[in-house]
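Participant: I have a structure I would like to understand better, so I am pasting it below and will then ask my questions one at a time.
Just so it is clear, none of the values below were taken in a lab; they were calculated from the coordinates. All figures in this text were calculated on a predicted structure; none of them were measured in a lab. So basically every Cβ, Gly included, is an ideal-geometry build from the backbone, and we count neighbours across all protein chains shown.
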Amino acid sequence: QVDVGRLGDEDQVAPSGAINTLESYIGLPALRARHGADDEQELMRFIASLPAEDPTMRALVAGLRVVHAIYVPDTIVLAGGVGLAMEGSGGAIHARVSDGLTTLANPDWSLRFADSLYHAASGAAMLALD
């Protein structure tokens, strides 16, 4: 869990009980609770329409910046349904993460998105076969 701090008027609590973590802002249960929709397609449209200033997007940017400082990745992939829904915001997310990023980070990093709802499961299966 990545602590991203309070990014709105109220603390956000994840299903695990953690407060103001990436999961509490951008986890699917948190997004469902915030949007109030049971319909997956409607929820994905809601996620795709989130503006950069939204606490969910700010939490994602903050979390990715922490990941950069610790792991120095070449590529970050946002997988699953949430990642698929956010692909249209990829340029803005990359720009916000990169703006003033720590010098410890790889300045040539790339941001990719799932190409399937089963992206993460497919990757895990491929690793299991190795």
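Participant: How about the range 53-130: which chymotrypsin sites (Phe, Trp or Tyr not before Pro) there are in a DSSP loop, with at most 15 other Cβ atoms within 10 Å of their Cβ?
Facilitator: Here the sparse-neighbourhood loop sites are 118.
Participant: 222 nm [θ] for the chain, helices only, -39500 (n - 2.57) per DSSP H run of 4+, per residue, to 500?
Facilitator: -14500 deg cm²/dmol
Participant: Relative contact order for the chain: what is it in percent, counting Cα pairs under 8 Å that are at least 6 residues apart?
Facilitator: Relative contact order, the chain: 21 percent.
Participant: While we're here: How about the range 1-79: which GluC sites (Glu not before Pro) there are in a DSSP loop, with at most 13 other Cβ atoms within 10 Å of their Cβ?
Facilitator: 10, 53
Participant: Additional query: Quick one: Karplus J couplings for the range 91-102, per residue in order, coefficients 6.51, -1.76, 1.60, θ = phi - 60°, nearest Hz, x for Gly and Pro?
Facilitator: Here the 3J(HN,Hα) series is x, 5, 4, 4, 5, 5, 5, 6, 5, x, 4, 3 Hz.
Participant: What's the local net charge at residue 14, with K and R +1, D and E -1, over the other residues with C-beta under 15 Å away?
Facilitator: -1
Participant: Put +1 on the Cβ of every Lys and Arg and -1 on every Asp and Glu Cβ in the range 22-129; which of 62, 26, 121 then has its Cα farthest towards the positive end of the dipole?
Facilitator: Toward the positive end, the furthest listed residue is 62.
Participant: Spin-label point model (7 Å from Cα, Cβ direction): what's the residue 45 to residue 124 distance in nm?
Facilitator: Placing both labels 7 Å along Cα→Cβ, they lie 3.1 nm apart.
Participant: Where Rh denotes the Kirkwood radius from the mean inverse Cα pair distance, what is Rg over Rh for the range 36-77?
Facilitator: So for the range 36-77, dividing Rg by the Kirkwood Rh gives 1.11.
Participant: Skipping prolines and chain starts, which residues have an amide H placed within reach, meaning under 5 Å, of the one on residue 78, given they are 5 or more residues away or on another chain?
Facilitator: 112, 113, 114
Participant: Report, in cubic angstrom per residue, the convex hull volume of the C-alpha atoms of the chain.
Facilitator: 124 Å³
Participant: Under the rule of at least 5 residues apart or a separate chain, name every residue whose amide H is placed under 5 Å from the amide H of residue 13.
Facilitator: The answer is 20.
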